[in-house]
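Input: a single structure, listed below in structure tokens.
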């Protein structure tokens, strides 16, 4: 985002000022003196840059005096209430008796008396900015070598007609930047733009340049380009509040880190435990903290894992007690020692029922006796005595 800053607090918001307006004038096609090559280029290029910086820009090139008066009048209405208003002029200018004038393309200036009628006073430009509520900027690339002086007739010996423009005291909340200091001239340039316009185009959109530093950068660049032959200067009346056309780059503000606490430290060494007992103790000790909630989730995980592990174990083999259960009587009650002796005695006496019961209890001899009694094989006389 781009920050427009000025004297008013609104101009310090982190967005474009609510209202930025600019009037850009480039006079190249002079009718009565040699044309200037670069003012129209300078005006068009600067207009494009200011548009990118959030300005609503009016470009008016090659204006005669009525047209200059008209556009200044319309701009005065457009600038009412603006947070930043900027006027840029490139073309011929002249100083007469300490007053600065901008020269329209139809001016002849045959005598010094004609200046007030054929040129536009700098005070006229400043008057167009009176309705601005914030910052007013005037950029004047109008100190070029003036061809009108060679043919102008001075009618009053006491009248001073000088090269370049005179220094002026800027009104409140106003910055005036001259392309060359008092009494010196500015170069038109051998490239597309004048040295002053080139420095503006290089500097105005740089982020984080407070406006005072910005115009010092413009000065240094012009002096370097002209081998110290041209030195811009600034007259300003501004408050101490920083003013930026483009804000400094935003930097991330680190979030405050929470102070370490005992619950966090204990949880750090407890969080991987598989002990439900340890987790329950932690929850009871640090109840009400976020770490107790985390411990609760961990406890549920541990209990679920234990249940799954138990369900996946194979069933144990049947015990001896279960095997003994198979050895029951026909009534389903466990065989006692006494009943076994009775069955043995009965089987010895060739009681088929007793032998069958003993056979069902795993007594192999009784099973042999059953086969004998049923005539399946051989004599039923058993040689052994110990049926138990």
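Just so it is clear, none of the values below were taken in a lab; they were calculated from the coordinates. The model shown is predicted, which means the values in this text are computed figures rather than measured ones. Please note: Cβ atoms are built from the backbone with ideal geometry, for glycine as well, and neighbour counts cover all protein chains shown.
The table below lists the values:
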read-out	value
Dimensions (Å) - segment 262-310, Cα atoms, principal axes, largest first	35, 18, 14
Zero-based 5 Å bins, Cα pair distances in segment 9-237, whole percents	1, 7, 15, 20, 21, 17, 10, 5, 2, 1, 0, 0
Overall Cα dimensions of segment 23-62 - principal axes, largest extent first, Å	37, 14, 6
Among beta bridges that DSSP assigns inside segment 57-137, antiparallel share in %, nearest 5	65
Extended-chain gain in nm, criterion 0.36 nm per residue less alpha-carbon gap, residue 233 and residue 169	21.8 nm
Relative contact order, percent, segment 9-237 [alpha-carbon distance under 8 Å, six or more residues apart]	20
q = 0.15 Å⁻¹, segment 117-245: log10 I(q)/I(0) [Debye, one scatterer per Cα]	-0.79
Relative packing of peptides 271-279, 175-183 - highest average C-beta neighbours within 10 Å first	175-183, 271-279
